[in-house]
Amino acid sequence: MERRLGNMEAALQLTRGFAPMSVAGVLQLRGAPEVATIRRALDELQNRHPLLRARIVTVRRKPYFEVSTDVAPIPLQVIPRRDDAHWRDLAVEVINRNVDVETGPLLACTYLHDPERSLGDLVFAYDHSAIDAVSVASLYDQFAKLCAGAAEPAPPMPLPPSTDQLLPQRVKGRARVASMAGFLRRQGLDELTYRRRIRGRGAPIRPTARAGVLTQTLDPVATNQLVTEARRHRLTMNSIVAAALLRATYSHLHSGELLPMRAITFADLRPALVPPPPPDVLGCYISMLRYTLQVGPRDDLWAIAQTFQDHVRSSMEHDEHLLAAGMATALMRTIIATKRMRMATVAVSYPGPLAVRERYGDIEVTGIHGFISNNRLGPVSTAFVKIFRGELTWDFVFLDTDMDNATAEQIADSTRDELIAAGKP
């Protein structure tokens, strides 16, 4: 059983050939299961999901998912849990190396186990082509139910189709010609304008880069206040978290200048596809959208968020989230080949509240984190942002060639402070 990689999946594999392209997922547990229980749950998930029994092969220079009985069980390494920060060290290791996709499987797991205190941290290493935020949340839910004995084994699912196969007719074939022409025209104009305005002030490209991670959290009270203020301003949380990272990065790296800054956001395409893939289907059903904003010292979080949201709404009206999915491979090939400038200033992935419960029988999920690889052509500041247990949590990734740890911590702290201040009426 095999399927050719879609455009977004293939773009991620192109990136992987240039630099590490992995996702580190962390599940923190109290009432942690025994190792044998973890092993059984992983085996059941692998039997259920074909992409967890797959490897990526090249046939006539085209990449394919190949589901095979030759693919080994999901690797499970068990390590004594050192302390509450141990998982961060492993997450850094994951995002600075590639998953062995040629051999498979596309997922590996490390279990940091403290049986005496019944604590455990699971650090998952995913190849990004197999998952997105929606399906990872569903996978965690399935995993926790299996560990708690609250789910029965399920029959294997079919190999999921690619985004390209599920696009609406209006953005496929000849029907998309006019829309694509407009999209490329707007992208070209934005590129020319950006290059003229940046005038050599863009972030430099270093020969090497290693990613590090940081986390910040807003407590439930501050999170609720922020959500309330977002509604009052008629702004989405996606726009606000993007603006917060833009503002914090600007304040510490470019304060006082009027500067064009690029922000990347990731659109969840599942609701727009035909038919929409349900959350329990693994796959990478996202597209990357990039917007340029002029940011200056007088622009506060709300002004930046409004501008960002206006860009997002305009692009959605033109189906750019769907058109971008079909252009992902070509865009990534150009970026890697030219190595002319960084992809953006910031990138934020915000799936919203995660569909994972706090408790599964005796197992309590105390935290969820996600970190995505970055490289020397990528943004200066990146973050995966979500709500779990009523808290807005930021999982940052910074590059050591862009800033030292102290500066990275300042940007993370400022991002949190911007949001706390914005939430106060």
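We did not get these values from a lab; they are worked out from the coordinates using the rules stated. Since we're looking at a predicted model, the values are computed, not measured. Positions of Cβ are generated from backbone atoms using ideal geometry, with glycine treated the same way; all protein chains shown enter the neighbour counts.
Think of region 104-243 as having a plus end and a minus end, set by charges on the Cβ of Lys, Arg, Asp and Glu; of 207, 115, 151, 207 sits farthest toward the positive end of this dipole.
Divided by 2.2 N^0.38 Å, where N counts the residues, the Cα radius of gyration of region 2-163 comes to 1.04. 3J(HN,Hα) couplings calculated from phi for region 106-111 with the Karplus curve 6.51 cos²θ - 1.76 cosθ + 1.60 (θ = phi - 60°) are, in sequence order, 8, 8, 9, 9, 10, 10 Hz; Gly and Pro show x. Under the combined filter of DSSP loop state and at most 15 neighbouring Cβ atoms within 10 Å, region 107-183 retains these trypsin sites (Lys or Arg not before Pro): 117, 172.
Among 372, 420, which comes first, then next, by fewest other beta-carbon atoms within 10 Å? Present the calculation step by step, with values, prior to reporting the outcome.
On the way: 372 23, 420 16.
Fewest-to-most Cβ neighbours within 10 Å comes out as 420, 372.
Working from Cα pairs under 8 Å separated by at least six residues, relative contact order for the chain is 25 percent. What the phi angles of region 153-168 give under the Karplus curve with 6.51, -1.76 and 1.60, with θ = phi - 60°, is a coupling list of x, 10, x, x, 8, x, 5, x, x, 7, 4, 4, 6, 10, 5, x Hz, glycine and proline written as x.
How large is the charge dipole for the chain, taken about the Cα centre, if only the Cβ atoms of Lys, Arg (+1) and Asp, Glu (-1) carry charge, to the nearest 20 debye? Before the final figure, lay out each step's value.
Numbers: 51 positive and 46 negative charges, 401 e Å.
Dipole magnitude for the chain comes out near 1920 debye.
Which residues make up the longest stretch of the chain that has no GluC sites (Glu not before Pro) in a DSSP loop with at most 14 other Cβ atoms within 10 Å?
Numbers: sites that count: 34, 102, 116, 257, 358.
Here the longest segment lacking exposed loop sites spans 117-256.
The trypsin sites (Lys or Arg not before Pro) found in region 1-76 that occupy coil by DSSP, while having at most 15 further C-beta atoms within 10 Å, are 60, 61.
Could you state, as a whole-number percent, how many of the C-alpha pairs of the chain are farther apart than 43 Å? Could the numbers behind the result be given before it?
Values: 7999 of 90100 pairs.
Tail of the P(r) past 43 Å holds 9 percent of the pairs.
Can you tell me what percent of all Cα-Cα pairs in region 48-93 are more than 13 Å apart?
In whole percent, the share of Cα-Cα pairs in region 48-93 beyond 13 Å is 69.
The ranking of 70, 132 by Cβ neighbour count inside 10 Å, starting from the fewest, reads 70, 132.
Inter-part distance, region 240-302 to region 318-349, computed on C-alpha centroids, equals 13 Å. If both residues of a DSSP beta bridge must be in region 279-417, then about 60% of such bridges are antiparallel. Computed from label points 7 Å out along Cα-Cβ, the spacing between residue 231 and residue 294 is 3.5 nm.
Let me check I've understood the local charge: for residue 71, count other residues with C-beta under 12 angstrom from its C-beta, Lys and Arg +1, Asp and Glu -1. What total comes out? Here the count lands on -2.
Ordering 42, 87, 166 by the projection of their Cα atoms onto the charge dipole of the chain, which places +1 on the Cβ of Lys and Arg and -1 on the Cβ of Asp and Glu, puts 166 at the extreme positive end. In a DSSP loop and with at most 12 other Cβ atoms within 10 Å, the trypsin sites (Lys or Arg not before Pro) in region 339-391 are 339, 340.
Considering only region 44-154, what is the antiparallel percent among its DSSP beta bridges, to the nearest 5? All intermediate terms of the calculation are to be shown ahead of the outcome.
On the way: 14 of 19 bridges.
Of the beta bridges lying entirely in region 44-154, close to 75 percent run antiparallel.
Add +1 for every Lys or Arg and -1 for every Asp or Glu among the other residues with Cβ under 12 Å from the Cβ of residue 105, and state the total.
Net charge in that neighbourhood comes out at -4.
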